[in-house]
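Undergrad: I'd like to ask some things about the structure below.
The values are calculated or read from the model by the stated rules, or taken from the named source; none is laboratory data. Since this is a predicted model, take the numbers as computed values, not measurements. Methodologically, a virtual Cβ is constructed for each residue, glycine included, from the backbone with ideal geometry; neighbour enumeration extends over all protein chains shown. Heavy atoms of the whole protein, side chains included, go into the accessibility calculation; ligands, DNA and RNA do not. Shrake-Rupley method; radii C 1.70, N 1.55, O 1.52, S 1.80 Å.
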Amino acid sequence: MQVSVETTQGLERRLTITVSADSVDSAVKARLQQLAKTQRINGFRPGKVPVSVIKKRFGQAVRQEVAGDVMQRHFYEAITKEKIAPAGMPTFDLTKDVDGEDLEFVATFEVYPEVKVEGLDKIKVEKPVVEISEKDLDTMMETLQKQHASWKEVKRKAKKDDKVTINFVGTIDGEEFEGGKAEDFPLELGKDRMIPGFEKPLVGAKKGEEVVSEVTFPEDYHAEALKGKAASFAITVTKVEGLDLPKIDDEFATLFGVEEGGVEALKAEVKKNMQRELDQTLKATVKENVIAGLLENNELDLPKALVDQEIDALREQAKQRFQQQGNGAEVPELPADLFQDNAKRRVSIGLLLGEIIKDNKLEADEAKVNALIETAASAYEDPKEVVEYYQTNAELKQQMQNLALEEQAIEAILEKAKVKEVKKAFDEIMNKNA
């Protein structure tokens, strides 16, 4: 086998490989002899068909099949010999394939870029320092309280966060328009579910009161005939309801599975969950800052094959999400351009973090792997069962090992980066990442 390597452009490589005629012809002959033992042809007993007859009938197809096998096998032998790491599958071009002569083919493919991570000391990372205060805990308890509230009719004026039931008729230039009329329509005030301005006269209105709402439909409104049009809605309030909040007591605690310890036990559990979510958010925030700095200081020439693979993966994920939301409906093929930038970013991150892992000779820390598994399991009703499942499932365990390695790479970058701790409020961090 003779091999020549050519750099065409960027990361693309072209291998021209020549395989001796003897090697190819003997493989073709062996394949034809095997066929002669199994083929049934009129006029010949099974297993007694002459190879010459088989060659005449199947020679061309067998030659093509052998050529395909030869190209695959010799390509991998060649890249091993030349110490080349392809990024993606090659394309083969059979340039010479004649009986009794050397076979020649060209393999075109991309290689991984040479990655040299630089500028780690230039990366600036803001590391939030957050403590969960009693006020934060009280706010979370109020949120839980609202989640278990019920609607109760009230006789007062409507205010923000109330629910009103209304009848309305919309007109444009004095004429009713399609879709502008409804009866017994429930509307939570302050949720901004209607067009801008519609809710304004309803705040302060009472049951039985009639109000008028003057609005202008947005230019990007979904109904073409209404875009940018000024409209008037005559609204009658038929009911006003306010939230009836449950009392935070021992009975309330049982709604969350807390059977012993009452409200204090519930608060302890809620704070533990808040801390877990906070820790995950802080870790994700710091990681994103590190990665942004890493990408800013390290621009890579990316193999198109890797980017295309990532686009396919992202497209498949999007397709599955759409199908779940659409109850399994067929989703049209989404254009690659939608995923191009994200795919390039993900490939760059993978290559850079991979190089940091290699440079620092990092291996997945078992204690970190176990901690990650326990953190993931803590969100479930039976954490012990989830931990055991992770530990016995090789694929899930590998995912956690990869995640641990990624975290260790981030930690290695942080050791060289310029890290500044900044005090932040709990709600500031959580709302920003909501």
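Undergrad: Is one or more of the residues making up the range 413-424 more than 30 Å from GLU114 (Cα to Cα), over 16 Å from the mean Cα position of the chain (by Cα) and not basic (Lys, Arg)?
TA: Going through the range 413-424, the residues more than 30 Å from GLU114 (Cα to Cα) turn out to be 420-424.
From what's left, over 16 Å from the mean Cα position of the chain (by Cα): 420-424.
Checking the rest, the ones that are also not basic (Lys, Arg) come to 421-422.
Yes, the range 413-424 contains at least one residue that is more than 30 Å from GLU114 (Cα to Cα), over 16 Å from the mean Cα position of the chain (by Cα) and not basic (Lys, Arg).
Undergrad: Okay, moving on. Cβ contacts < 8 Å: first residue under 18 Å from GLU214 (Cα atoms), restricted to the range 180-197; second residue of a type in the set (Lys, Arg) and open to solvent by less than 90 Å² (accessible area, probe 1.4 Å), any location; separation 6+ or different chain. Result?
TA: Once the first residue is under 18 Å from GLU214 (Cα atoms) and sits in the range 180-197, its partners that are of a type in the set (Lys, Arg) and open to solvent by less than 90 Å² (accessible area, probe 1.4 Å) give LEU187/LYS163; LEU189/LYS163.
Undergrad: Further question: Which of the following residues is open to solvent by 80 Å² or more (accessible area, probe 1.4 Å) and under 30 Å from MET274 (Cα atoms): GLU153, GLU126?
TA: GLU126
Per-residue answers, yes or no, for (1) among the aromatic types (Phe, Trp, Tyr); (2) closer than 26 Å to GLU126 by Cα:
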site	(1), (2)
GLU366	no, no
GLU381	no, no
GLU385	no, no
TYR390	yes, no
GLU395	no, no
PHE426	yes, yes
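Undergrad: Which one of these does GLU260 not meet: (1) open to solvent by 40 Å² or more (accessible area, probe 1.4 Å); (2) under 30 Å from GLU153 (Cα atoms)?
TA: (2)
Undergrad: Among (1) part of a loop (DSSP other than H, G, I, E, B); (2) modelled with pLDDT of 95 or more; (3) open to solvent by less than 100 Å² (accessible area, probe 1.4 Å), there is one condition VAL212 misses while meeting the rest; what is its number?
TA: The single condition VAL212 does not satisfy is (1).
Undergrad: Among the residues of the range 351-381, which ones are closer than 29 Å to VAL111 by Cβ and in contact (Cβ under 8 Å) with a residue 24 or more places away in the chain?
TA: Initially, the range 351-381 is screened for residues closer than 29 Å to VAL111 by Cβ, giving 351-364.
LEU351, LEU352, LEU353, GLY354, GLU355, ILE356, ILE357, ASP359, ASN360, LEU362, GLU363, ALA364, listed by residue number.
Undergrad: So which of GLU277, GLU269, GLU288 ends up being over 30 Å from GLU126 (Cβ atoms) and not polar (S, T, N, Q)? Write out each step before concluding.
TA: Working: GLU277 fails: over 30 Å from GLU126 (Cβ atoms); GLU288 fails: over 30 Å from GLU126 (Cβ atoms).
From the options GLU277, GLU269, GLU288, the qualifying one is GLU269.
Undergrad: Let me ask another. Wholly within the range 227-325, which helices (runs of 4 or more DSSP H) include no fewer than the required count, namely at least 1 residues that are under 30 Å from VAL419 (Cα atoms) and modelled with pLDDT under 95? Walk me through how you get there before you give the answer.
TA: Numbers: elements: 250-254, 262-297, 304-325.
Passing ranges, in order: 262-297.
Undergrad: Right, GLY204: open to solvent by less than 60 Å² (accessible area, probe 1.4 Å) and part of a loop (DSSP other than H, G, I, E, B) or not?
TA: Judged against the criteria, GLY204 is a match.
Undergrad: Name the residue that is nearest to LEU372 (Cα to Cα), counting only residues in the range 396-434 that are of a type in the set (Val, Ile, Thr), open to solvent by less than 40 Å² (accessible area, probe 1.4 Å) and in contact with a strand residue (DSSP E or B) (Cβ under 8 Å, 6 or more places away or on another chain).
TA: ILE429
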